[in-house]
Amino acid sequence: MSSEVRKAVFPAAGLGTRFLPATKASPKEMLPIVDKPMIQYAVEEAEKCGIREFIIITGRNKRTIEDHFDSVMELEVTLKKKGKHSLLNEVQRLNHLHFAYIRQRMPLGLGHAILCSKPVVHNEPFAVMLSDDIIDPEDALLKEMLKCFQKYQSPVLALQKVPKKDVSRYGIIKGIKVDKNLFKIEDLVEKPSPSNAPSNIAIIGRYILTPDIFHFLETVTPGKDGEIQLTDALKALLKTRDIYGYLFEGRRYDAGDKAGFLEATVEFALKNPEVKTQFRKYLLSLKSNLKTRQG
Ligand code: UTP
């Protein structure tokens, strides 16, 4: 097994039911946060860490993702002719990356989506990026996880503390702290009830995995609805090797959910050089209106 992480897998074949009807015919991953589709934030995060091979797991209605990361000659020629150089740079910025697309025929769960990448990942460690978990670009979560992987040569999961009432939305870990922000995982429980949860430390959408996970994804028993859960495969893998977790203390937006998506939109707009001044003014004017509106 190579000791370097060069590939990242982006599961993007889910149905996105929380965004219906917007996601009836268009991918959730292409919903824009200000001026970039959600998935591009995760691609840029991985690119910043030196990853150059991107494996996107897609399904029906997801073709615009492929188009988005392709070159658009007529657009590029027109922008050049019109002297719109900064827009041209923006649309060409990711042209040096390699993208591979694999169709997941049925949305049989996150674990199954990752298993679909096996023929392209081969025998290498790889990152998994869930693009609806948006990490603030100023935070270096993936970089820190890659450092842990270099040190321990073991899978590393991204972790974040969540309010106790929310544990039933996540995979939750039991672990011992072995270093600053670093946990050795002892157990994992998928979506426990608050009273049964071993902690309030949740697994969030960034993983560094080793290729031995594929064996467990192939052999775990599918859960309800025939879905193959990544947490079940990780639990089985944990019996054979160490797994670490990196506790992230920065800002994450759960943009797979309407409220989180709106929070990300507002905060990214407030950082966008083109619109931030006007948008800030608008929000301030809204603030006084909000007080008089009913909640
Ligand atoms: P989610 O749990 O957010 O599911 O999947 P979803 O279908 O995208 O959205 P909702 O819950 O119906 O609104 C987490 C990630 O795993 C991918 C999704 O595309 C998302 O990036 N996924 C999920 C797959 O690629 N295939 C699946 O079968 C399930």
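Any read-out appearing in this document is the output of simple, stated calculations on the displayed coordinates, not a laboratory observation. None of these values were measured; they are calculated from a predicted model. When we count neighbours, we look across all protein chains shown, and the Cβ atoms used for this are built from the backbone with ideal geometry, even at glycine.
Which value, in debye to the nearest 20, gives the size of the charge dipole of segment 1-153 about its Cα centre, when Lys and Arg are +1 and Asp and Glu are -1 at the Cβ?
Around 440 debye, computed over segment 1-153.
So what J values fall out for segment 101-110 if you push phi through Karplus, 6.51 cos²θ - 1.76 cosθ + 1.60 with θ = phi - 60°, rounded to Hz, Gly and Pro as x?
Once rounded to whole Hz, the list reads 10, 10, 8, 9, 4, 10, x, 9, x, 4.
Based on the Kirkwood radius over alpha-carbon pairs, what value in µm²/s does the Stokes-Einstein equation return for the translational diffusion coefficient of segment 17-83 at 25 °C and 0.890 mPa s?
In µm²/s, the coefficient is 178.
Find how much the distance from Asn272 to Arg93 grows on full extension, using 0.36 nm per residue of separation minus their present alpha carbon separation; answer in nm with one decimal.
Gain on stretching Asn272 to Arg93: 62.7 nm.
How do 141-150, 221-230 rank on mean C-beta neighbours within 10 Å, highest first?
My ranking of the peptides, most packed first, is 141-150, 221-230.
Counting each DSSP H run of 4 or more residues in the chain as -39500 (n - 2.57), what helix-only mean residue ellipticity at 222 nm follows after dividing by all residues, to the nearest 500 deg cm²/dmol?
Taking each H run of at least 4 residues, the total per residue is -9500 deg cm²/dmol.
Just the Cα atoms of segment 1-124, one point each, no solvent: what log10 I(q)/I(0) does Debye give at q = 0.09, 0.14 Å⁻¹?
Taken in order of the listed q values, log10 I(q)/I(0) reads -0.29, -0.67.
Sort Arg206, Arg52 so the one with the fewest other Cβ atoms within 10 Å of its own Cβ comes first.
Ascending Cβ contact count within 10 Å gives the list Arg52, Arg206.
Taking the alpha-carbon set of the chain, what are its Rg and Dmax in Å?
Considering the chain through its Cα atoms, Rg and Dmax are 19.9, 63 Å.
Extending each Cα 7 Å along its Cβ direction at Lys165 and Leu283, get the distance between those two points in nm, one decimal.
2.4
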